[in-house]
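Everything on this sheet refers to the single structure shown next.
FYI, it's all coordinate maths here, none of it is from the lab. The shown structure was predicted, so the numbers you read here are calculated from the model rather than taken from an experiment. Here the Cβ is made from the backbone with ideal geometry for all residues, glycine too, and neighbour counts use every protein chain on show.
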Amino acid sequence: MNQDIIQEFELTFFEDGKKLAMQHLSSGINHPSILALTKAVYATIDAFLESFQDYVQAEQSTVDCKKGCHWCCFQTVMTVPHEMYYLLHHLNQHFTEEAKQAILDKVEKRHARTTKLKVNHFLSLKHACPFLGEEGNCTVYEARPLACRTYLSSNVHSCKSQFDHPDDQSVYAAAFDLPLRLGRMLTDGVTAYLQERDINSYEWLFEQNLLRAHRAGSFDEWIQGKEVFKPRALSREEEAYLQKHFA
Ligand code: SF4
């Protein structure tokens, strides 16, 4: 696909993110409207991913992701705050208190490990996602973050190789670029809308954002413009590294 078309797509997804935010939040930013917005964002990206699979087939390629395959579920996932409130709502609706607590304990464990790491180290860390089930399934599939939805591989062997060689930067999974880029633009559109209303939507580590969202009172503070999700300060090298891998 040529660069002009990709840029056009990116712009469209950015505008769509803003429009969805406006549609769901213009009459009030509160817990139900944030949940409705997140649901709409996921429905939008899921619809795109369905047509993307057809496009891939037409190009004589394949999406090699299958139910139960989980090599990508050991790597770092970046999320934004509204996704975390959606996920917590899902946990409250579908998990017992005991099961929820067991997951939060795993989230704490992963956080204890990643919070001390520099960016290049946590990006190469392989540590099972707290939501990864025993059968290799995602236990929160309907509410999984956008980063998980848009991570599609064209070759499962490349995913396995990356898993086996986490510190070798010449070995990486053959993930399709377009879904990752468009998912990011959709999120950026939502973020832009929130920022215009002085609500920060920092993208940061899944586990840390989830723990912050879980703290009592955090939602009200967040929509009042407090820096609930502000990531730690990064060195210049870390910022450059993050930019290179996630921009
Ligand atoms: S949330 Fe689900 S899909 Fe995403 S990394 Fe965790 S287990 Fe995998």
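If you rank 131, 52 by fewest surrounding Cβ atoms within 10 Å, what's the result?
Details: 131 23, 52 18.
The most exposed by this proxy come first: 52, 131.
How long are the semi-axes of the equivalent ellipsoid of region 113-242, taking √(5λ) for every eigenvalue λ of the Cα gyration tensor, in whole Å from largest down?
Details: eigenvalues 149, 64, 56 Å².
That gives 27, 18, 17 Å for the three semi-axes.
Counting other beta carbons within 10 Å of each residue's own, what order do 234, 104 fall into, fewest first? Intermediate values should be presented prior to the final figure.
Details: 234 13, 104 17.
Going from least to most buried by this count: 234, 104.
Just check region 166-247 against the gyration tensor rule for me: Cα atoms, a ≥ b ≥ c as the square roots of the eigenvalues, rounded for a/c under 1.5, and otherwise prolate or oblate depending on whether a/b exceeds b/c. Could you put the intermediate results ahead of the total?
Numbers: a/c = 2.12, a/b = 1.65, b/c = 1.29.
The shape class here is prolate.
Identify all lysines with a Cα-Cα distance to residue 18 below 29 Å; exclude those on the same chain that are fewer than 8 residues away in sequence.
The qualifying lysines are 39, 226, 230, 244.
Which aspartates and glutamates, if any, have their Cα less than 19 Å from the Cα of residue 67, not counting same-chain residues under 8 positions apart?
The reachable aspartates and glutamates, counting only those whose Cα sits under 19 Å from residue 67, are 46, 50, 54, 134, 135, 142.
How would region 3-246 be classified by its alpha-carbon gyration tensor: rounded, prolate or oblate, with rounded meaning a/c under 1.5 and the a/b versus b/c comparison settling the rest?
Working: a/c = 1.38, a/b = 1.13, b/c = 1.22.
Judged from the Cα gyration tensor, region 3-246 comes out rounded (a/c under 1.5).
Rounded if a/c is under 1.5, else prolate if a/b beats b/c, else oblate: with a ≥ b ≥ c from the C-alpha gyration tensor eigenvalues square-rooted, which is region 122-177? Please list the in-between numbers first.
On the way: a/c = 1.91, a/b = 1.47, b/c = 1.30.
In terms of gyration-tensor shape, prolate.
Please give every one of the aspartates and glutamates within straight-line cross-link reach of residue 118, meaning a C-alpha to C-alpha distance under 19 Å, and leave out same-chain neighbours fewer than 8 residues apart.
Here the aspartates and glutamates satisfying the reach criterion relative to residue 118 are 108, 167, 168, 203, 207, 237, 238, 239.
Around residue 8, under 13 Å between beta carbons, what's the net of Lys plus Arg minus Asp minus Glu among the other residues? Write out the running numbers ahead of the final one.
Values: positive: 181; negative: 4, 10, 15, 16.
Local net charge: -3.
Within a 10 angstrom radius of the beta carbon, how do 207, 8, 98 rank from fewest other beta carbons to most? Don't jump to the answer; show the numbers that get you there.
On the way: 207 25, 8 11, 98 8.
The most exposed by this proxy come first: 98, 8, 207.
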